[in-house]
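Peer 1: Got a structure for you, written out below as structure tokens; questions coming shortly.
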Amino acid sequence: MAKKLDKVGLYSSNTAELVFEDCRVPPANILGQVNADFFHLMWELQGERIISSAAGDRAMELVLKYVNERSVFGKPLAKLQALRHRLADMATELEAVRQLPYTTAWRNQQGEQVLKEVSMCRLFAAQVTFRIADEALQMHGGAGYMDEYLVSGIWRDCRRLRIAAGTDEIMSGIIAKQLGL
């Protein structure tokens, strides 16, 4: 390991540089095809993209609990119509985020080519998940910005979803290419 890298979030998972100098690998220990590492990495990213699509539930759970427990002007936040509408929109988007990966994974298991759909899963889910985490933090008010509330860590860690396994822009590029653009 060359050095450990510091990150904005996802503290439970170390990120570090790896350096291999003058490293010889006996032919019997080679995994995959020599000089095809980029192909192998890209193939494995498909699974990661589908898996990373299934996120956001925890932020929703936390905000629902908070708005039911926190009162303003003598009534729970959950009774405020504006928040109720925002929560309904969040729940709807979250359900859509849940369903798209299931359908895509099923189609992949049937042997279909789902590169476009996997990229759509990752793009849509990462954006929606971050939006839900951002709304959840906002609904917590100033308390949501404090590290003592779990929602702040979820918000911080959800941002990584729009970068890991290919940025939003890379996903959009793959989708556009698959559309023939």
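Values quoted throughout were computed directly from the atomic coordinates according to the rules given, and no laboratory measurement underlies them. Everything quoted here is computed from the prediction, not taken from an experiment. Counting neighbours? That spans all protein chains shown, and the Cβs are built from the backbone with ideal geometry, glycine included.
Peer 1: Answer with yes or no whether LEU77 is over 23 Å from LEU10 (Cα atoms) and in contact with a strand residue (DSSP E or B) (Cβ under 9 Å, 6 or more places away or on another chain).
Peer 2: Taking the combined requirement at face value, the residue satisfies it.
Peer 1: If LYS116 satisfies all but one of (1) basic (Lys, Arg); (2) touching an Asp or Glu at 6+ places or on another chain (Cβ under 8 Å); (3) more than 29 Å from LEU64 (Cα to Cα), what's the number of the condition it fails?
Peer 2: Here LYS116 clears every test but (2).
Peer 1: Name the single residue that is surrounded by the most Cβ atoms within 10 Å (Cβ to Cβ) among those in segment 54-104 being among the hydroxyl-bearing types (Ser, Thr, Tyr), out of contact with any His (no Cβ under 9 Å at 6 or more places or on another chain) and assigned to a helix (DSSP H, G or I).
Peer 2: Only one residue tops the list, namely THR104.
Peer 1: Among the residues of segment 111-125, is there at least one that is on the phi > 0 side of the Ramachandran plot, over 15 Å from the mean Cα position of the chain (by Cα) and not in a loop (DSSP other than H, G, I, E, B)?
Peer 2: Here is the first cut: in segment 111-125, the ones on the phi > 0 side of the Ramachandran plot are 111.
In the following step, the residues that additionally are over 15 Å from the mean Cα position of the chain (by Cα) were identified as 111.
Of the ones still in play, those that are also not in a loop (DSSP other than H, G, I, E, B) are none.
No, every residue in segment 111-125 fails to be on the phi > 0 side of the Ramachandran plot, over 15 Å from the mean Cα position of the chain (by Cα) and not in a loop (DSSP other than H, G, I, E, B).
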